[in-house]
Structures are given as C-alpha cells and as structure tokens.
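Here is the structure we will look at.
The values are calculated or read from the model by the stated rules, or taken from the named source; none is laboratory data. Everything quoted here is computed from the prediction, not taken from an experiment. Cβ sites come from the backbone with ideal geometry, for glycine too, and all protein chains shown count toward neighbours.
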Amino acid sequence: MQPECRPRFANRVQPNALGHRHQATAGLLLVGCTCAGTDASSPDNTPSASPTPTPSVAPKSTPLPTPPDFGEDKAGVAADVTITECQLAAGDVVAKGTAVNSASEPRDIAIIVIWLKEDSGTPLGSGMTVLSQVEPGATLDWQVATQTVDLAERCVLNATAGQTATAAAGEAAPSAA
C-alpha cells in the first residue's frame, strides 16, 4: 500500500521593488511532501515517509479459449491430433497440424494450442480452431494463430471431439481457420 502524500506549504513574504513586504501572488510555496502516518521517534509526532513496498511481479499470462459444449458426447482425442509446426516466439505465432476422426460417425473436433515456458503451466498465449463435421476416417489440416506475451519454449495440445448443439440440430458449425 502506497502512503498517502500531502504537500507541505510555507508562507513566503517577498519585498517588492519599493521595499514593501507583500505576500507572494501565489500565496504559498510548496516546500516538500510528507506522507500520512506519524513517526513515534519524532519529538512533535509529525508525519513521516515510510518505504514503499516493492510490488511483486506476476507472470504474464493469457486466458485459455473456451471449447464448444459437446455435452455428454464429449471425447478426448489428443491421440488423433498432431502438431507438425509450432512457432516459438514472443508476438505473432502459428501452430499447424493434422487431425483424424477415428470415430464411426461425423463429429466436430476442437483443437486448443497453448504456448508455455519449459517448466511452467502459465499460458503465454493460446488459440483454438474447430473442425466441423469431420467425416469418419478423414484427416484434415488445421492451423491456430495467436499472439504470445513472452518467448514461448513449447506448445501443448488439448483436443476434444463431439457434436455441438448447432451440429446436432443440423446447422453448420464454424469451420477451421
């Protein structure tokens, strides 16, 4: 918590060209700043400055995307998704790969890529793409582009599949980027 500072003023009287003493136009002159709080060692118990604590630096982080709601039909499919390229940088990055639908019916596949430091679980960047109504046995290319807040050292996948509410209703779901 930073101390509350209040300016200290002193009246200054300046002689004019004729030698008459008049209070300066501004009336007061700033001579210092004192911070709220008192110093018990001070004889007149005057306010004193206390050291400002150094704020801790939180690791830079980004929120993870929210995957589609596959409901009870949701299945983890990390084994069906492969990263073939993942740029490790600070700023604009791209990950690319392939996904296969190993199920016996068409389904949507949500792929989330998370950029991390080597020994950290704090996301430096993340992005998602959804492959819509992938036919059984079909293999599709995918791409996720995002920005990282710091130099990333590795990429990890989170992949799920199922039927979204829009796909189950027969409507077109969003396609891959």
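Structural remarks
- Residues within the stretch 97-123 that are of a type outside the set (Lys, Arg), surrounded by 15 or more Cβ atoms within 10 Å (Cβ to Cβ) and not in a loop (DSSP other than H, G, I, E, B), tallied: 12
Rundown of residues vs (1) over 19 Å from LEU64 (Cβ atoms); (2) surrounded by 18 or more Cβ atoms within 10 Å (Cβ to Cβ); (3) modelled with pLDDT of 95 or more; (4) of a type in the set (Val, Ile, Thr), yes/no style:
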site: LEU131; (1), (2), (3), (4): no, yes, yes, no
site: GLU135; (1), (2), (3), (4): yes, no, yes, no
site: GLN143; (1), (2), (3), (4): no, no, yes, no
site: ALA161; (1), (2), (3), (4): no, yes, yes, no
site: SER175; (1), (2), (3), (4): yes, no, no, no
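- Any hit, the stretch 80-90, residues being of a type in the set (D, E, K, R), touching a Lys or Arg at 6+ places or on another chain (Cβ under 9 Å) and either exposed (fewer than 14 other Cβ atoms within 10 Å of the Cβ) or touching a residue at least 60 places away in the same chain (Cβ under 8 Å) (or both): yes
- Failed item in (1) surrounded by fewer than 17 Cβ atoms within 10 Å (Cβ to Cβ); (2) modelled with pLDDT of 95 or more; (3) not in a strand (DSSP E or B), with VAL94 passing the rest: (3)
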